[in-house]
Amino acid sequence: MFDVKPLLVTIDGPAGAGKTTVSRLLAESLGYTYVDTGALYRAVALAALSENCQIDDDARLGEICRQLGLRFENSPKGPRLFMNEVDITDQIRTPEITMFASAVSARPVVREYLLVVQREMGKNGGVVFEGRDMGTVVFPDAEIKFFLDADPGIRALRRYKELQVGPGQTKISLDRVTQTMKKRDEDDSSRALAPLRPAHDAIRIDSSLLGIEQIIDLMLRYIPVLAK
Ligand code: DC
């Protein structure tokens with residue numbers, strides 16, 4: 001028998017491109033673990049907000065990071081994120097945390113801390129990592145890299161629909177979702193450190209007109225048969 005090393009698969013892209021659903025289903029069909037790295041930045045944001053930490057107080061942010069015990073646990077409803085053994089999966093989906101996560105993600109001290117956490121999670125392969133800089137910075141040697149994008153109007157509409165039913169449920173208008181998404185994309189793409197952009201060797205997929213199953217089928221075609 002061949003001894004096949006499980007691969008590292010990265011899926012980067014802007015908000016609302018469909019990364020979360022696609023990453024989860026792709027991991028499931030490969031029998032791999034799924035890691036939502038945005039949730040890790042959201043956890044740091046939650047901890048920093050609850051301690052009233054200023055966004056530019058790097059010393060304090062570093063301290064907060066070092067005290068975070070973060071781990072994912074599978075459940076029938078999908079992966080749950082625990083911070084120091086408290087399930088924070090639902091709490092980190094509010095609009096306030098969403099914007100603060102984008103701000104903390106531009107701080108070098110936070111990125112350095114999470115770089116180590118993420119690499120540890122991926123050291124044995126067999127993981128689908130979803131994020132912004134997975135293929136460019138965290139796992140530049142990942143075997144398979146995807147960059148999932150979609151038309152901004154379609155992404156905003158998808159995010160708006162999610163907000164109507166998700167845990168962070170609010171009465172936010174489509175206009176407001178479009179504006180905040182635009183601002184967040186600009187911030188995530190223009191920051192100095194690990195900005196959102198496709199890796200030079202990423203397979204780029206535009207999900208605007210594709211259904212989830214079509215995207216998964218397309219991705220599976222790029223994965224070597226022996227790894228499936
Ligand atoms: O994917 P998300 O919306 O849950 O991510 C929240 C924020 O975290 C996003 O605005 C950018 C940041 N992020 C990042 O900088 N790098 C990652 N690998 C994942 C997320």
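A few remarks follow.
- Strands (runs of 3 or more DSSP E) wholly inside segment 1-115 containing at least 3 residues that are touching a residue at least 24 places away in the same chain (Cβ under 8 Å): 8-12, 33-36
- All positions within segment 82-99 that are under 22 Å from S189 (Cα atoms) and either near the ligand (Cβ under 9 Å from one of its atoms) or out of contact with any helix residue (DSSP H, G or I) (no Cβ under 8 Å at 6 or more places or on another chain) (or both): I92, R93, T94, I97, T98, M99
- Any hit, segment 123-135, residues being more than 10 Å from the ligand (Cβ to nearest atom) and without any contact (Cβ under 8 Å) to a residue 60 or more places away in the chain: yes
- Taken over segment 175-225, the residue count meeting the criterion of being assigned to a loop (DSSP other than H, G, I, E, B), of a type outside the set (A, V, I, L, M, F, W, C) and within 16 Å of the ligand (Cβ to nearest atom) is 5.
- Answer residue from segment 11-46, given it is more than 19 Å from L81 (Cβ to Cβ) and within 12 Å of the ligand (Cβ to nearest atom) and is modelled with the lowest pLDDT among those: G16
- Taking residues in segment 150-175 that are modelled with pLDDT of 80 or more, and partners anywhere that are assigned to a helix (DSSP H, G or I) and surrounded by fewer than 16 Cβ atoms within 10 Å (Cβ to Cβ), the pairs with Cβ atoms closer than 6 Å and at least 6 places apart or on different chains are Y160/L174.
- Cβ-Cβ under 8 Å pairs, at least 6 apart or on other chains, segment 189-218 side on the phi > 0 side of the Ramachandran plot, far side among the basic types (K, R): A194/R111; A194/R132
- R132 vs. criteria of a type in the set (K, R) and crowded, with 23+ Cβ neighbours inside 10 Å: yes
The values are calculated or read from the model by the stated rules, or taken from the named source; none is laboratory data. In this text the structure is predicted, and so the values were computed from the model without any measurement. FYI the Cβ positions are ideal-geometry reconstructions off the backbone, even for glycines, and counts take in every protein chain you see.
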